[in-house]
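Taking it in order: structure first as structure tokens, then the write-up.
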């Protein structure tokens, strides 16, 4: 079976290349072609001999992703991609343009098993996890397609990153490698729905990324009704892990809060949330929920969003309301893949 070359770090690639009887320096050449030039086939490696290209093709495969569908917003230049993987499965990624550069939101799984009631990604469950190469390939394909350098990454697409921990960690090491794209960990955000053991594991890595917690409720009753994961690790356990994570890493945590009309967007919920997070160095990102027919969740009105935000701000929290990028192209996670698979 051919090996997944794009998932290999430089040391592993060097070991593979020398085992094939090639000089050590060839590994760095190949690594540059894969992770800086972002080629999709070995024949594009023009400064490598035809014989070595044949050897590479006989022993390795470059797992990329092909653009199945591409939707460009008329409002804000957001681009949503539906990618087809080598086995025919589909995943989604989003390119967002900000004043500071380009951000790509990547998927870590085909589907999701977490069952959050407001999310389209989880409606059909999880098919499989992505290899590190398949997470990388989303960024590489988008970079090539737009002839840009991506500066920021958010792991908030399809899937739960901690449900694919080893591949996600390998991806993080590869994307921040100085021999590759060298994207700073400080420009990477990883979002989890609250898998507490994953938080403790990541804490030990002492990476300088931003940990985002999909909180979405101020108490266990509401959160358990929205997010099944809360029945396994409740809010008290989650907040305790977050506090320990901050003490260990000194990295401020971001709490994501999707506002669902009449469910978790009341003034009472805002005050409860302020009490829950009191004393923590954190940022609260309020998200008007994306309406998906199958979930039945309704978006909060602008007035309710504003009131919720004002309460938190008056309590001293750093709070923002996420811009609704790509609203005309179904840029929310899972919607494009779901509509394609159903067809």
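Would you pick out the residues in the stretch 198-255 that are within 21 Å of the chain's Cα centre (by Cα), in contact (Cβ under 8 Å) with a residue 40 or more places away in the chain, in a helix (DSSP H, G or I) and surrounded by 17 or more Cβ atoms within 10 Å (Cβ to Cβ)?
199, 202, 203, 226, 229, 238, 241, 242, 245, 249
Filter the stretch 81-90 down to residues that are in contact (Cβ under 8 Å) with a residue 60 or more places away in the chain and closer than 17 Å to residue 144 by Cβ and give me whichever is surrounded by the fewest Cβ atoms within 10 Å (Cβ to Cβ). I'd like the intermediate steps shown before the answer.
Restricting attention to the stretch 81-90, the residues satisfying the condition of being in contact (Cβ under 8 Å) with a residue 60 or more places away in the chain are 81-82, 90.
With the extra rule that they be closer than 17 Å to residue 144 by Cβ, the set shrinks to 81-82.
Working: 81: 21, 82: 19.
Within the stretch 81-90, the match that is surrounded by the fewest Cβ atoms within 10 Å (Cβ to Cβ) is 82.
Going by the structure shown, is residue 29 at pLDDT 95 or above and within 21 Å of residue 175 (Cβ to Cβ)?
Working: at pLDDT 95 or above: yes; within 21 Å of residue 175 (Cβ to Cβ): yes.
Considered against the rule, which asks whether it is at pLDDT 95 or above and within 21 Å of residue 175 (Cβ to Cβ), residue 29 comes out as yes.
Just to check your reading of the model, which residue among 168, 94, 150 is touching a residue at least 12 places away in the same chain (Cβ under 8 Å) and assigned to a loop (DSSP other than H, G, I, E, B)? It would help to see each step written out before you state the result.
Numbers: 168 fails: assigned to a loop (DSSP other than H, G, I, E, B); 94 fails: assigned to a loop (DSSP other than H, G, I, E, B).
Checking each option against the conditions leaves just 150.
Cβ-Cβ under 6 Å, sequence separation 6+ or interchain: first residue in the stretch 176-193 and assigned by TED's automatic domain parsing to the domain that holds residue 25, partner part of a loop (DSSP other than H, G, I, E, B). Which pairs?
Here the result reads none, with nothing in the stretch 176-193 linked to a residue that is part of a loop (DSSP other than H, G, I, E, B).
How many residues, within the stretch 64-78, are surrounded by 21 or more Cβ atoms within 10 Å (Cβ to Cβ) and at pLDDT 95 or above? Please lay out each step first, then the result.
Here is the first cut: in the stretch 64-78, the residues surrounded by 21 or more Cβ atoms within 10 Å (Cβ to Cβ) are 64-65, 78.
Next cut, at pLDDT 95 or above only: 65.
Total meeting the criteria: 1.
When you go through (1) surrounded by fewer than 18 Cβ atoms within 10 Å (Cβ to Cβ); (2) in a loop (DSSP other than H, G, I, E, B); (3) touching a helix residue (DSSP H, G or I) at 6+ places or on another chain (Cβ under 7 Å); (4) not assigned by TED's automatic domain parsing to the domain that holds residue 126 one by one for residue 46, which number turns out not to apply?
(3)
Taking residue 157, is it more than 20 Å from residue 4 (Cβ to Cβ) and either assigned by TED's automatic domain parsing to the domain that holds residue 215 or not in a helix (DSSP H, G or I) (or both)?
Details: more than 20 Å from residue 4 (Cβ to Cβ): yes; either assigned by TED's automatic domain parsing to the domain that holds residue 215 or not in a helix (DSSP H, G or I) (or both): yes.
Against the criterion (more than 20 Å from residue 4 (Cβ to Cβ) and either assigned by TED's automatic domain parsing to the domain that holds residue 215 or not in a helix (DSSP H, G or I) (or both)), residue 157 qualifies.
Which of (1) part of a helix (DSSP H, G or I); (2) touching a helix residue (DSSP H, G or I) at 6+ places or on another chain (Cβ under 6 Å) does residue 194 not meet, given it meets every other one?
(1)
Within the stretch 286-301, is even one residue modelled with pLDDT of 95 or more, within 23 Å of the chain's Cα centre (by Cα) and in the same structural domain as residue 201 (by TED's automatic domain parsing)? First the steps, then the outcome.
If we filter the stretch 286-301 for residues that are modelled with pLDDT of 95 or more, which is where we start, we get 286.
Subset that is within 23 Å of the chain's Cα centre (by Cα): 286.
Remaining after also requiring in the same structural domain as residue 201 (by TED's automatic domain parsing): 286.
The answer is yes, given that some residue of the stretch 286-301 is modelled with pLDDT of 95 or more, within 23 Å of the chain's Cα centre (by Cα) and in the same structural domain as residue 201 (by TED's automatic domain parsing).
Can you say whether residue 183 is in contact with a strand residue (DSSP E or B) (Cβ under 8 Å, 6 or more places away or on another chain), buried (at least 18 other Cβ atoms within 10 Å of the Cβ) and in a helix (DSSP H, G or I), as far as the supplied structure shows? Talk me through it step by step, then tell me what you get.
Details: in contact with a strand residue (DSSP E or B) (Cβ under 8 Å, 6 or more places away or on another chain): yes; buried (at least 18 other Cβ atoms within 10 Å of the Cβ): yes; in a helix (DSSP H, G or I): no.
So residue 183 fails the test.
Which residues, counting only those in the stretch 115-145, are farther than 23 Å from residue 6 by Cα, in contact with a strand residue (DSSP E or B) (Cβ under 8 Å, 6 or more places away or on another chain) and crowded, with 17+ Cβ neighbours inside 10 Å?
As a first pass, look at the stretch 115-145 and keep what is farther than 23 Å from residue 6 by Cα: 115-126.
Now narrow it down to the ones that are in contact with a strand residue (DSSP E or B) (Cβ under 8 Å, 6 or more places away or on another chain): 116, 118, 121-122, 124-126.
Scanning the stretch 115-145 gives 116, 118, 121, 122, 126.
The values are calculated or read from the model by the stated rules, or taken from the named source; none is laboratory data. All of these numbers come straight from a predicted model, not from anything done at the bench. Positions of Cβ are backbone-derived with ideal geometry, glycine not excepted, and every protein chain shown enters the neighbour counts.
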